[in-house]
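Worksheet: one structure, shown below.
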Number of protein chains: 12
Amino acid sequence: MNEHVYKLVELTGSSKNSIEEAVQNAVSHASQTIRNMRWFQVIETRGYIEDGKVAYWQVTIKVGFTVD
Amino acid sequence: MNEHVYKLVELTGSSKNSIEEAVQNAVSHASQTIRNMRWFQVIETRGYIEDGKVAYWQVTIKVGFTVD
Amino acid sequence: MNEHVYKLVELTGSSKNSIEEAVQNAVSHASQTIRNMRWFQVIETRGYIEDGKVAYWQVTIKVGFTVD
Amino acid sequence: MNEHVYKLVELTGSSKNSIEEAVQNAVSHASQTIRNMRWFQVIETRGYIEDGKVAYWQVTIKVGFTVD
Amino acid sequence: MNEHVYKLVELTGSSKNSIEEAVQNAVSHASQTIRNMRWFQVIETRGYIEDGKVAYWQVTIKVGFTVD
Amino acid sequence: MNEHVYKLVELTGSSKNSIEEAVQNAVSHASQTIRNMRWFQVIETRGYIEDGKVAYWQVTIKVGFTVD
Amino acid sequence: MNEHVYKLVELTGSSKNSIEEAVQNAVSHASQTIRNMRWFQVIETRGYIEDGKVAYWQVTIKVGFTVD
Amino acid sequence: MNEHVYKLVELTGSSKNSIEEAVQNAVSHASQTIRNMRWFQVIETRGYIEDGKVAYWQVTIKVGFTVD
Amino acid sequence: MNEHVYKLVELTGSSKNSIEEAVQNAVSHASQTIRNMRWFQVIETRGYIEDGKVAYWQVTIKVGFTVD
Amino acid sequence: MNEHVYKLVELTGSSKNSIEEAVQNAVSHASQTIRNMRWFQVIETRGYIEDGKVAYWQVTIKVGFTVD
Amino acid sequence: MNEHVYKLVELTGSSKNSIEEAVQNAVSHASQTIRNMRWFQVIETRGYIEDGKVAYWQVTIKVGFTVD
Amino acid sequence: MNEHVYKLVELTGSSKNSIEEAVQNAVSHASQTIRNMRWFQVIETRGYIEDGKVAYWQVTIKVGFTVD
């Protein structure tokens with residue numbers, strides 16, 4: 001840890017299975033264009049319901065990455 | 001999507017196993033009396049502890065459904 | 001339930017696998033020194049990322065226990 | 001004003017035109033089944049975008065009505 | 001405590017005398033139509049003033065009750 | 001109710017006895033200089049402790065009054 | 001912009017027609033006694049309902065003005 | 001709706017006329033460089049005052065768009 | 001007042017009678033082990049309902065005390 | 001400390017140099033017209049940027065003073 | 001001030017010395033790629049501790065800049 | 001970083017000179033009894049005023065330390 005500058009971006013990942021997988025999907029997708037991602041914070045957990053079942057988990061995260 | 005009106009109700013579901021199952025239990029129970037549930041938002045995640053273990057997950061959600 | 005007094009402490013548990021396991025790790029560790037833990041509330045869910053994958057889940061909880 | 005009891009329900013109204021119309025649509029719809037609505041508070045203002053234009057305003061309100 | 005589902009409703013009670021009585025008035029009124037109320041949380045405390053005196057306390061609570 | 005304009009001021013009242021009396025003390029004092037006070041909202045409840053007892057309740061309220 | 005000091009006051013304006021007009025009514029009224037108002041922030045949007053229609057919009061704003 | 005990933009950006013639009021137009025101005029401008037914008041949420045409503053009149057509405061929104 | 005350091009602990013007191021007594025019960029119990037308690041802040045007011053009556057008030061406070 | 005009533009006002013101070021100086025500037029200016037100021041709380045810290053440098057710190061505080 | 005559109009980005013700057021320097025470091029670094037930065041708001045102040053001393057201040061800011 | 005458990009405690013430090021020094025004073029004092037402190041988060045910044053000057057900065061922080 002030294003005098004780095006970090007940028008934070010907000011992403012929403014979705015998954016049919018779990019909150020963790022929704023977060024991982026967002027992180028995986030972001031890793032294609034953002035290098036040096038370091039941490040995330042869960043901002044909001046929502047979901048869609050179909051036929052009385054949770055059809056999709058939608059988790060919004062804030063991701064921090066080094067920009068220098 | 002058009003000029004629908006939605007109502008939101010707040011429910012707490014519980015589960016011995018996971019956050020996701022607690023949410024699904026609340027949604028399943030509500031589907032017996034509420035039709036057309038469309039989405040939910042997690043409001044609070046709590047739980048009970050027995051003998052140094054998480055005994056129950058209790059997740060409060062806000063569920064939106066079409067009323068027209 | 002009667003006129004008990006409870007104390008609340010804040011803990012952060014971590015896990016490579018899931019949010020639930022991070023909470024359970026914090027509760028298990030606290031149970032070595034705190035008796036009579038009764039409930040918890042999730043305060044914040046964060047995590048660390050390595051190589052484009054969620055490496056650790058870090059969940060902060062507030063735990064209530066009887067002090068009388 | 002005397003020792004009334006009020007109930008509060010949460011509704012989301014939508015409109016193609018304005019925030020005010022989205023609120024009015026929710027109130028109008030609710031007035032078909034709820035009598036004695038007295039006040040509301042705006043909880044959240046969201047919307048959907050199509051072709052670079054705001055297609056729908058979606059406003060969530062909490063409505064208070066006398067239950068006695 | 002087992003895998004119950006709870007519903008939460010928001011009520012505003014009022015009283016000329018105290019915050020506690022305003023809450024009790026809301027709970028008493030709700031008990032006429034809701035069985036199995038279990039807990040409440042105070043959301044907001046407001047009041048009306050007449051002639052430089054607090055004329056009414058108005059306390060909004062969220063009440064949880066078993067629905068199964 | 002018509003197209004009035006209200007001003008809101010924030011006051012902290014204190015009392016040795018109760019939350020209600022602390023609010024009433026703030027309202028009484030304000031009524032010496034402010035006419036037409038209409039409502040208040042409790043913002044924060046604090047207090048001072050002396051010798052293991054609550055010595056003073058300190059309640060901060062926002063008071064609304066007509067300015068036209 | 002230099003080393004000014006600003007004071008902020010909280011006002012509630014009302015209007016039969018719109019949120020914007022309720023804000024403008026509060027600003028207009030305040031301009032009779034406050035000079036150098038510079039900016040505002042919307043704090044809360046509420047309203048009264050009569051006969052199933054929004055009768056009044058009530059918008060609370062915080063207004064900043066130069067005091068030097 | 002399937003396992004999309006969304007990105008959220010925060011924008012402030014301004015307008016001399018209305019809250020809705022300030023939001024639309026932000027959305028229109030963003031549509032020049034961002035494709036597939038899907039929804040927005042109003043974060044904050046502020047404004048500038050000149051000569052006792054609302055000169056500009058400034059509305060900050062969070063916009064979500066598909067990144068895959 | 002000088003360059004003291006304070007520690008804050010969170011406690012939940014309960015009472016069959018009132019919010020004030022629930023706070024006092026928490027303070028009294030804490031005074032058995034904590035010296036030099038100086039102030040508190042009410043964090044949350046909840047309660048349990050039995051047979052349509054408030055059976056217990058549960059008030060969570062943050063208590064500050066000198067540690068030097 | 002006895003049964004005083006306090007009033008709270010919100011001020012924004014600015015400084016080219018530091019957060020502390022911005023607060024002190026607001027307090028100094030207010031001391032010209034308000035006697036008996038006792039405490040403050042920082043509400044918001046903002047600033048203006050010119051040529052890639054922080055040009056002004058703008059700190060909003062809530063100041064409490066005795067009114068009796 | 002006219003009908004501009006602003007974009008807001010979130011950055012975390014760090015410094016061994018002060019909160020102000022951490023903000024300035026974030027602003028300086030951003031100025032290499034973002035033109036027309038106008039204002040910032042402090043979102044969160046954190047830090048790292050080594051050997052009982054604050055080793056790094058980490059301040060997260062939201063920066064607004066003109067995009068038209 | 002591995003599967004550690006952290007405990008968080010809340011402390012208020014004070015200083016006549018600056019926010020940073022108030023934080024450092026709280027950290028220094030805590031280091032006498034708590035080992036392995038790792039990070040802190042600023043929760044609240046307050047202060048006392050004497051003779052129109054900031055007499056004391058009081059900064060409340062949450063400190064995290066390893067407990068295993």
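None of the figures in this text is laboratory data; all of them are computed from the coordinates on show. In this text the structure is predicted, and so the values were computed from the model without any measurement. As a convention, Cβ positions derive from the backbone with ideal geometry for all residues, glycine included, and neighbour counts pool all protein chains shown.
Which residue of chain L is nearest the rotation axis onto chain K, counting by its Cβ, and what is the distance in whole Å?
L:Ile19, 4
Test of understanding: in a Gaussian network model of chain H with alpha carbons linked when under 10 Å, which of H:Val54, H:Val42, H:Val23 would top the mean-square fluctuation ranking?
Fluctuation is largest for H:Val54.
Would you order B:Ile43, K:Ile19 from fewest to most other beta-carbon atoms within 10 Å of each residue's own beta-carbon?
Result, fewest neighbours first: B:Ile43, K:Ile19.
Can you list the aspartates and glutamates whose alpha carbon sits under 15 Å from that of C:Lys53, skipping same-chain ones fewer than 8 residues off?
Excluding near neighbours in sequence, the set is A:Glu20, A:Glu21.
Which of A:Lys7/K:Lys62; A:Lys16/E:Lys7; A:Lys62/E:Lys62 have a Cα-Cα distance over 22 Å?
A:Lys16/E:Lys7; A:Lys62/E:Lys62
Once all Cα-Cα distances of the protein assembly as shown are split into 10 Å bins that start at 0, what whole-number percent is in each one?
In order of increasing distance, the bins hold 2, 12, 22, 28, 25, 10, 1 percent.
With θ set to phi - 60°, apply the Karplus curve 6.51 cos²θ - 1.76 cosθ + 1.60 along the stretch C:8-17 and write out the HN-Hα couplings as whole Hz, x wherever there is a Gly or Pro.
10, 10, 9, 10, 10, x, 10, 7, 6, 9
In degrees from 0 to 90, rounded to the nearest 10, what is the angle of the helix L:19-30 Cα long axis to the longest principal axis of chain L?
50 degrees
Using amide H atoms built 1.01 Å from N in the peptide plane, name the residues 5+ places from E:Val5, or on other chains, whose amide H lies under 5 Å from its own.
Amide H neighbours of E:Val5: E:Val67, E:Asp68.
Taking the alpha-carbon set of chain J, what are its Rg and Dmax in Å?
Computed over the Cα atoms of chain J, radius of gyration and Dmax are 13.9, 51 Å.
Which parts of the stretch A:39-53 would a label at C:Ala55 reach, counting a residue when its backbone N lies under 11 Å from a point 7 Å out along Cα-to-Cβ?
In the stretch A:39-53, the label zone of C:Ala55 (backbone N under 11 Å from the point 7 Å along Cα→Cβ) covers A:39.
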